[in-house]
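Data first, discussion second: the structure below is written as structure tokens.
Every number in this text was worked out from the coordinates using simple rules, so none of it is lab data. Remember, it's a predicted structure, so these values are computed and weren't measured experimentally. Every residue, glycine as well, gets a Cβ built from its backbone with ideal geometry; the counts of neighbours run over all protein chains shown.
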Amino acid sequence: MGPATNSYEQIEELIANGANGIRLNFSHGSHSERDTQIKWIRDASSKLGKPVAILQDLQGPKIRLGNLQHDVEVNTGDELLLQYQGTHHDNVIPIQYNLVDKVQVGQPLFIFDGKIRTKVLEVFDQTVKVRVEAGGTLMSRKGLNLPDTDFGGDILTDKDMDDIDYGIHQDIDYVALSFVQKAEDISGLREILKTKGSTAKIIAKIETKSAIEDTELERIIKECDGVMAARGDLAVEAGAEVVPIVQRKIIGLARTYGKLSIVATQMMASMVDNPEPTRAEVSDVALAAILGADTVMLSDETANGDYPIEATQAMKKVIKYTQEQMPVTPVFYRDDARGKKDAISAAAVTLAQQLEVSAIIAQTKSGATAASIAAHRPSLPIISVTTVPRVAQQLALLYANKSFLVQDDSEAGLHLAQKLNEDRNYFGEGEHTIVLVSGQQVGVSGGTDTIQVRNLG
């Protein structure tokens, strides 16, 4: 969400045309603006009868230039003094983060999404001296990337903590943690949320070199609730050539551990200015669907673009066609996936596909049952039924899932399926069969123990 979609009418139209979640970028805007936007989202969600997830994207230690008096052209060989809270004059360039205790001589430092490349020459008095190795134009508040700099777990800023407190008291479903370097970054945020009584889930944004080390990436994905392939900063930090393979690993590991996966950045970037996507962009979105991503995300296309609704429609069209024509291939599941929930989910998916039923209905209190079923990537719809609004909203981003909020009822899943079939002709004409996954103890988390095959009549 951004200036191009900053109205109730635009939000309602986005949701009506396929958006399952709205990302609020806390690098920009005030809390009072967020109050209004969150209300718009929930009002539109209620009007359309469609649970929608709200994702709070924390800024993290996004290091930016300060305000410049004017744009500055820099050339190869120039030397710049990047000064914390400095004032722009001569070759002194203000930055908004004190790098002195973090950066080391010889390390690379990229400016403006990697367009300008520099190397650190000296560190002193809240100042980092760099030599330009590839020039360009410096502009106010453009970001810096330091791919070889270890921030030592210091990735939650004072602003982030203030935003976390705000989100806890608002209707936030997910908190996205920026610039994750190791699994402990996730566990640290989880402890903060738990202490403050938040039920929001954590999305780990993968955008640093440290995070994509094989053993660390797996540890991060095991620790988080969901993972985002944040391809923009990842390309700058680690190199554009590594992104496709890392994206594949992220989706595969997320499926292995039953975690939400999100693919983001420039998926339909040309639609910022054009009403139709390029063939390369269509292939990019289709590949994410083929690999089995739960969610694909638009950024500038809907935040600042001229065609936010068209971009949403185009993305949905590509996803639906791809999934209908090329079901996601299975993955090898981890050796420790032998618990009751995993066994029941695997059995339900196998049964549903062998009997060619119309849908799998999952009655769930925490959302874990629906997530476990989705991890097997069945080639048919998953309908999750819950009595918890937050869970219905969080499940809105899950693979092949449509979530519904219901009253407490031991037959809620069956009743909902019958109602959808009768009132909306949801499954099409003719007789339909469903697989219902539920528990005998209604409303108890972890109580899933029953698979039923039911005819809707």
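Quick notes on this one:
- Cα gyration tensor category, rounded, prolate or oblate, for the range 72-145 with a/c compared to 1.5: rounded
- Set of the range 377-410 residues, backbone N closer than 16 Å to the point 7 Å along the Cα-Cβ line of Thr433: 380-381
- Each of Val437, Ile382, Ala392 was scored by the projection of its Cα onto the charge dipole of the range 340-455, and the greatest displacement toward the positive side belongs to Ala392; charges sit on the C-beta of Lys, Arg, Asp and Glu.
- Relative to the longest principal axis of the Cα atoms of the chain, the long axis of helix 183-195 lies at roughly 70 degrees.
- Residues whose amide H comes within less than 5 Å of that of Lys365, counting only those at least five positions distant or on another chain, are Gly446 (H built at 1.01 Å from N in the peptide plane).
- Reachable lysines from Lys50, criterion Cα separation under 17 angstrom, eight or more residues apart if same chain: Lys39, Lys316, Lys402, Lys419
- Among beta bridges that DSSP assigns inside the chain, antiparallel share in %, nearest 5: 40
- Spin-label model, Gln407 to Glu9: label points 7 Å out along the Cα-to-beta-carbon direction sit 3.7 nm apart.
- Each DSSP beta bridge with both residues in the range 340-455 is either parallel or antiparallel, and the antiparallel ones are about 30%.
- Positive-end extreme of charge dipole, the chain - chosen from Val272, Ile373, Thr87 (charges on Cβ): Ile373
- Taking Cβ atoms as reference points and 13 Å as the exclusive limit, the residues near Gln126 contribute a net charge of -1, counting Lys and Arg as +1 and Asp and Glu as -1.
- Sites Leu355 and Arg42 - FRET efficiency at Förster radius 56 Å, r taken between beta-carbons, to 0.05: 0.90
- Shape analysis of the range 340-455 based on the Cα gyration tensor places the equivalent ellipsoid semi-axes at 19, 16, 13 Å, largest first.
- If R0 is taken as 56 Å, the Cβ-Cβ distance between Ala347 and Glu133 corresponds to a FRET efficiency of 0.45.
- For Lys115, the aspartates and glutamates whose Cα comes closer than 13 Å to its Cα, not counting residues fewer than 8 places off in the same chain, are Glu73, Glu133, Asp233, Glu237.
- Given +1 at the Cβ of Lys and Arg, -1 at the Cβ of Asp and Glu and no other charges, the dipole of the chain around its Cα centre is 1040 debye to the nearest 20.
- Virtual spin-label span in nm between Lys320 and His70, 7 Å along Cα→Cβ: 5.3
- Backbone HN-Hα couplings from phi across the range 203-215 [Karplus 6.51/-1.76/1.60, Hz, Gly and Pro as x]: 9, 8, 8, 8, 8, 10, 5, 4, 6, 9, 4, 3, 5
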